[in-house]
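The values are calculated or read from the model by the stated rules, or taken from the named source; none is laboratory data. As the structure is a computational prediction, the values presented were derived from the model and not from experiment. Cβ sites come from the backbone with ideal geometry, for glycine too, and all protein chains shown count toward neighbours.
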Amino acid sequence: MQKEQHTAKYNQVLVIDDHKMVANGIKLVIGGLFQQFLMAHDGASGTSLALQHFPDLVIVDYILPDTTGDLLVRELKFKLPNTRVLAYSFSYSADTILRMLQAGVNGYLIKKEDDEEFVHSVDMLMEGKEYFCKEARNHIINRFSDANEDLVMKHLIANTKFSGKELDLVRLLCRQQTAKEIGKHLSLSERTVEQYRNNISKRIGAKNLAGIIKFALKNGIVDLDDL
């Protein structure tokens, strides 16, 4: 990891990772984005620090000495619902990724990704969006592309009355394009794009990007080959 030069624009980040070299590497890459950088090397001390400082972002590994990432994330999300959580792990396992997704993470990044993608994922989460790297997104898509596995999805295209522009926006969201990129493509302001997204999410009952992707696949708005 190489150090990135950034002006601090966020308040606090907490890294929970039992590998001290990894935590220090993260500090080199994104430490400049935050006014305060905190780190812990197990779940218990990480939870304690989180409850003391209420960080804006928690970056958490899946395998920890005293717990697993999904259990820790559930606890953090319950106690600090406004804190954003990024899973950062060596694991490519579909089971691990889906466990973290179900626990409530706002993003998942595999540790092989480069510094630029890591910084981008942090910015996305701090802007209130979600970010899942390609491998994680593929596992999510594969999990939700089988209609027999999801009995909860009750919203059909016929009942949602989407406009053509809304359908285009859903397709672009599924490709993880930013509000700025979508706005340029559809000739809309970033603010309008966010309003469209919030409205669509409410109408289909999606809590995050994974929910939008799930809905889009189920209802033929996008195909696996489009993503």
Residue satisfying all of: in segment 46-63; more than 20 Å from MET126 (Cβ to Cβ) and in contact with a Ser or Thr (Cβ under 8 Å, 6 or more places away or on another chain); surrounded by the fewest Cβ atoms within 10 Å (Cβ to Cβ) among these = ILE63
Which condition number does SER45 fail, the rest of (1) within 26 Å of ILE140 (Cα to Cα); (2) modelled with pLDDT of 90 or more; (3) of a type in the set (Ser, Thr, Tyr) being met?
-> (1)
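Collect the residues in segment 47-59 that are at negative phi and out of contact with any helix residue (DSSP H, G or I) (no Cβ under 7 Å at 6 or more places or on another chain), keeping them in residue-number order.
First pass over segment 47-59, keeping only residues at negative phi: 47-53, 55-59.
Listed by number, the residues that qualify are SER48, LEU49, GLN52, HIS53, PRO55.
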Which of the residues that make up segment 177-195 are surrounded by fewer than 15 Cβ atoms within 10 Å (Cβ to Cβ) and of a type in the set (D, E, K, R)?
-> LYS180, GLU181, LYS184, GLU190, ARG191
Which one of the conditions (1) part of a helix (DSSP H, G or I); (2) at pLDDT 90 or above does GLN102 fail to meet, given that it meets all the rest?
-> (2)
How do the pairs read when you match residues in segment 83-104 that are at negative phi with residues anywhere that are part of a helix (DSSP H, G or I) and of a type in the set (Val, Ile, Thr), using Cβ under 6 Å and keeping only pairs 6 or more apart or on different chains?
-> VAL85/VAL73; ALA103/VAL73
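For segment 32-45, does any single residue satisfy the condition of being in contact (Cβ under 8 Å) with a residue 60 or more places away in the chain, aliphatic (A, V, I, L, M) and surrounded by 19 or more Cβ atoms within 10 Å (Cβ to Cβ)? Spell out how you get there, then give the answer.
We begin by selecting, within segment 32-45, every residue in contact (Cβ under 8 Å) with a residue 60 or more places away in the chain; these are 33.
Within this subset, residues satisfying the condition of being aliphatic (A, V, I, L, M) are 33.
Those still in the list that are surrounded by 19 or more Cβ atoms within 10 Å (Cβ to Cβ) too: 33.
So far as segment 32-45 goes, yes, one or more of its residues are in contact (Cβ under 8 Å) with a residue 60 or more places away in the chain, aliphatic (A, V, I, L, M) and surrounded by 19 or more Cβ atoms within 10 Å (Cβ to Cβ).
Do you know which residues across segment 45-63 are among the hydroxyl-bearing types (Ser, Thr, Tyr) and not in a helix (DSSP H, G or I)?
The one that is among the hydroxyl-bearing types (Ser, Thr, Tyr) and not in a helix (DSSP H, G or I): TYR62.
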Residue match in segment 108-115 (condition: at pLDDT 80 or above and assigned to a helix (DSSP H, G or I)) | yes
Of these, ALA216, ALA206, which one is modelled with pLDDT under 90, under 16 Å from the mean Cα position of the chain (by Cα), closer than 20 Å to PHE132 by Cβ and not assigned by TED's automatic domain parsing to the domain that holds ALA103?
-> ALA206
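Listed here are the residues, each with its yes/no results for (1) of a type in the set (Asp, Glu); (2) more than 19 Å from GLU127 (Cβ to Cβ); (3) not in a helix (DSSP H, G or I).
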| position | (1), (2), (3) |
| --- | --- |
| LEU169 | no, no, no |
| GLN177 | no, no, yes |
| GLU181 | yes, no, no |
| LEU188 | no, no, yes |
| TYR196 | no, no, no |
| ILE200 | no, no, no |
| ARG203 | no, yes, no |
| LYS214 | no, yes, no |
Evaluate segment 64-80: report whether one residue or more is touching a residue at least 60 places away in the same chain (Cβ under 8 Å), surrounded by 16 or more Cβ atoms within 10 Å (Cβ to Cβ) and either in contact with a strand residue (DSSP E or B) (Cβ under 8 Å, 6 or more places away or on another chain) or assigned to a strand (DSSP E or B) (or both).
-> no
